[in-house]
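The numbers here are math on the coordinates, done by the rules we state, and not lab data. This one's a predicted model, so the numbers in the text were calculated from it and none came from an experiment. We place every Cβ from the backbone using ideal geometry, glycine too, and count neighbours over all the protein chains shown.
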Amino acid sequence: MKEKKILTSDAAAELVKSGDVVMVGGFMGCGSPPEILSSLEKAGTNNLTLVCNDAGWYMPDKGMVNGVAPLVLNKQFSKAITTHIGLNSEMQRQMLSGETDVQLVPQGTLAEKIRSAGCGLGGFLTPTGVGTEVEEGKEVIEHDGKKYLLEYPLKGNVALLHASVADKAGNLLFARSARNFGPLMAMACDLVIVQADKIVEIGELDPEAIITPSIFVDYLVQTVNAEGK
């Protein structure tokens, strides 16, 4: 099994190009790759489309800034496809002012849009959002007496993920709920970069325990700061 190249976080950030659709794993920062995001913030790469569960925490009165929030503050996203921005006042401001095109998507729908892209599906039907603003501009299909919205797959250029353990081939383990969107995004992007807290030799991981297999991973980044776990 071939080993994946291990990059510094700065080198990983250089692989993200202006205009890319960037999927970032994480749920309010839990499962986001902090060192890669820090390097991407430093690089200043902009005009990005963010696909993430949320916009991270930005509560300056409580000293809380995490996840993708620093990049939001840096105005590196021209568009965001997300579920929840309620804990990031700056993303709310950018949305209301029109500075950033924010598309709010129900959480389950967002997950399924990403999964559909990874599985090569052309779309799926969901009752979520029927009769609400979510329905606007979408095709409504009735089946067996019930209405559904037709939703399409969501594909990305780059996925930035955080794993608990990786082997040198790129097989991944995630820490409990930090898994969240990670495995789905790994399947749905052209380029997958994973920050791993621990990198072990090939063969050290129990094959039955592997969550995301190496075929979906392109590069690894070793966590340097233990506090970033």
Review point. Under 8 Å by Cβ, and 6 or more places apart or on different chains, what pairs join a residue from segment 193-207 that is assigned to a strand (DSSP E or B) with one that is loosely packed, with under 14 Cβ neighbours inside 10 Å and of a type in the set (Lys, Arg)?
Key: Asp197/Lys229
Check your understanding: Of all residues in segment 179-225 being of a type in the set (Asp, Glu) and out of contact with any strand residue (DSSP E or B) (no Cβ under 8 Å at 6 or more places or on another chain), which is nearest to Gly123 (Cα to Cα)?
Key -> Glu208
Exercise for review: Provide a single number: the residues in segment 142-166 that are farther than 19 Å from Val105 by Cα and not in a loop (DSSP other than H, G, I, E, B).
Suggested key: 12
Practice item. Any chance you could count how many residues in segment 137-169 are buried (at least 17 other Cβ atoms within 10 Å of the Cβ) and more than 22 Å from Gly120 (Cα to Cα)? Key: 8
Exercise for review: Inspect segment 80-97 for any residue being in contact (Cβ under 8 Å) with a residue 60 or more places away in the chain and on the phi < 0 side of the Ramachandran plot and give the result as yes or no.
Suggested key: yes
Practice item. Tell me which residues, restricted to segment 121-146, are closer than 23 Å to Asn53 by Cβ and either of a type in the set (S, T, N, Q) or free of Cβ contacts under 8 Å to residues at least 12 places away in the same chain (or both). Key: Thr126, Thr128, Thr132, Glu133, Glu136, Gly137
